[in-house]
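What follows draws every value from the coordinates through simple rules; no lab data is involved. All figures in this text were calculated on a predicted structure; none of them were measured in a lab. Heads up, the Cβs are rebuilt from the backbone with ideal geometry, glycines too, and the neighbour counts pull from every protein chain shown.
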Amino acid sequence: MTDFSATRALFHLPDGVIYLDGNSLGPLPKAAAARVARTIEAEWGEMLITGWNKAGWMEMPSRIGNRIGRLIGAEPDTVVIGDTLSIKVYQALASALEMNPTRRVILSDTGNFPSDLYMAEGLCRTLGNGYRLKTVAPEEVEAAIDETVAVTMITEVDYRTGRKHDMGRLTAKAHAKGAIAVWDLAHSAGAIPVDLKGAGADFAVGCSYKYLNSGPGGPAFIYVAPRHAEAARPALSGWLGHEAPFAFDLSYRPGRGIERMRVGTPPVLQMAALEASLDIWDRVEMADIRARSIELTERFIAGVEAACPTLWLASPRNPAERGSQVSFRHPEGYAIMQALIARGVIGDFRAPDILRFGFTPLYIGEAEVDGAVAILAEVMDKALWDRPEYKVRARVT
Ligand SMILES: *Cc1c(COP(=O)(O)O)cnc(C)c1O
């Protein structure tokens, strides 16, 4: 059993804050500062360039990939980290399209995160030749998977509503129709149990700075199923994905297996922070996280619905159909969220009208849920949100 009071003690959370935005940026693991300082002083400072060998910097992307792999049901040596999620989306899509050369359609849904859609559009434009992105409503995705679809590009958990797709079922449908399944796990990794192997996923990508707590700008990850590992051709064929980077050959030969999905020099300091966070994740079972997350989200929904009749639940009511976040709609959602943040309850706002709250059992418990409900109830009852300063939109919402 995971000891959540022990994991909670391993995070720094500012006094007076109820942090319900770990789905967007995880908080600081207390050990991260010392770990990053050690990497800076003892490794970068003392070893200089020899750190790539002596401190094992070069192996970090695959070593860390394996640690994340355990949390998402990936086979050993099928996950590597680096770059940003947008880049990893592009990489997975480009390889997947090349593996299904007679088809031209990337299928996604209108609940997907816009960056994934933008990357797909950009890739189609570069490829020309009739490639196109098709989007349908989330509930229509399954029916839209037909023989024209080359690749399905689906984000398992909707960033706005928390609605969760059935990965096993959609992957099976994709395969039955001859399509390749690319999954985005941005709001799944560290939030819910994922079984990439069991689902038969072909490619998957995700980020480390949300539920995995690697800090702002932490690197993304990519998974390639073992059956494709030697067939997938990287479109972003950088030198660190080459079979022999230090042979400095003039032409590209893909590296062994998942190593070929590396592109360029990895962010060593950010990876050091991520390793400090993964030390916490090593003590955690995803099934325990899920059970706890459902308790917390159910408690929050019940509390808010009892106290705030003008907020409309935007997330699925059935916990089996949602990830680890709860969203409510209100036309003044932005101002309400600013009023909450001013009172120490940090969630976020997603246009046009969504108040989003993430529940992260590693460091959130009943006391935070009840505290957030009480403050939200007061903000709504007394219309505390109705002040001009809460209506001025910041750059990041
Ligand atoms: C958070 C998120 C992103 C962000 O991509 P970055 O390149 O890391 O900025 C992309 N896609 C999805 C589905 C996300 O949830």
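Angle check, please: helix 85-98 long axis (alpha carbons) against the longest principal axis of the chain (alpha carbons), in degrees 0 to 90, nearest 10.
Orientation of helix 85-98: about 50 degrees from the principal axis.
Considering only DSSP beta bridges with both partners in the chain, what is the antiparallel share in %, to the nearest 5?
Within the chain, antiparallel bridges account for around 55 percent of the total.
Taking only Cα atoms of region 216-342, what ratio of Rg to Rh do you get with Rh as the Kirkwood inverse-distance radius?
1.16
Multiplying the sequence separation of ASP370 and ALA244 by 0.36 nm and subtracting their Cα-Cα distance, what value in nm do you get?
Full extension of this stretch gives 39.8 nm more.
Counting DSSP beta bridges with both partners in region 165-227, what percentage is antiparallel, nearest 5?
Around 60 percent antiparallel, to the nearest 5.
Answer with one residue from SER86, GLY122, GLY217: the one whose Cα lies farthest towards the positive end of the charge dipole of region 56-281, charges on Cβ with Lys, Arg +1 and Asp, Glu -1.
Positive-most Cα among the choices belongs to GLY122.
Using 7 Å Cα-to-Cβ label points, what is the LEU313/HIS12 separation (nm, one decimal)?
Using points 7 Å along Cα→Cβ, the separation is 3.8 nm.
Hey, got the dipole for region 188-249? About the Cα centre, +1 on K and R Cβ, -1 on D and E Cβ, debye to the nearest 20?
Dipole about the Cα centre, nearest 20: 220 debye.
Going toward the positive end of the dipole of the chain, with +1 on Lys and Arg Cβ and -1 on Asp and Glu Cβ, which of TRP312, ASN53, ALA335 do you reach last?
ASN53
Show that you can apply the helix-only estimate: for the chain, add -39,500 (n - 2.57) for every DSSP H stretch of four or more residues, divide by all residues, and state [θ] at 222 nm to the nearest 500.
So the calculated ellipticity at 222 nm is -10500 deg cm²/dmol.
For the pairs LYS30/LYS88; LYS88/LYS210; LYS164/LYS382; LYS134/LYS164; LYS88/LYS164, note any where the Cα-Cα span goes beyond 23 Å.
LYS30/LYS88; LYS164/LYS382
Using the crude model of +1 on Lys and Arg Cβ and -1 on Asp and Glu Cβ, and no other charge, please compute the dipole size for the chain relative to its Cα centre, in debye to 20.
Computed charge dipole of the chain: roughly 660 debye.
With each label point set 7 Å from Cα along the Cα-Cβ vector, what nm distance links ARG38 and LEU236?
Distance between label points: 3.0 nm.
For a quick check: with amide H placed at 1.01 Å from N, whose amide H comes under 5 Å from ALA55's, ignoring anything fewer than 5 positions away on the same chain?
For ALA55, no residues qualify.
Mind checking the angle between helix 366-381 and the chain's longest principal axis? C-alpha axes, 0 to 90 degrees, to the nearest 10.
Once rounded, one gets 60 degrees.
Output the peptides 93-100, 42-49, 209-216 sorted from most to least packed, where packing is the average of other Cβ atoms within 10 Å over each peptide's residues.
Per-residue Cβ counts within 10 Å, averaged per peptide and sorted highest first, yield 209-216, 93-100, 42-49.
Considering the zone a paramagnetic label at LYS134 would reach in this model (a point 7 Å from Cα along the Cα-to-Cβ line), which residues of region 81-106 have amide N under 11 Å from it?
104-106
Farthest toward the dipole's positive end in region 156-282, which of THR161, PRO266, ALA176, given Cβ charges of +1 (Lys, Arg) and -1 (Asp, Glu) about the Cα centre?
It is ALA176, whose Cα lies furthest towards the positive end.
Can you tell me what percent of all Cα-Cα pairs in the chain are more than 41 Å apart?
Value for the chain (Cα pairs over 41 Å): 15 percent.
Using the Cα centre of region 56-281 as the reference point, and only Cβ charges (+1 on K/R, -1 on D/E), how large is the resulting charge dipole? Debye, rounded to the nearest 20.
Taking the Cα centre of region 56-281 as origin, the dipole is about 180 debye.
Starting from the 7 Å offset along Cα-to-Cβ, what nm value, one decimal, do you get for the label separation of LYS54 and ARG125?
Computed distance between label sites LYS54 and ARG125 equals 4.7 nm.
Roughly what % antiparallel, to the nearest 5, for the DSSP beta bridges in region 282-397?
The answer is about 100 percent antiparallel.
What is the Cα coordinate range of region 56-281 on the first, second and third principal axes, sorted by size from largest, in whole angstrom?
So the extents along the principal axes, rounded to whole Å, are 47, 42, 28.
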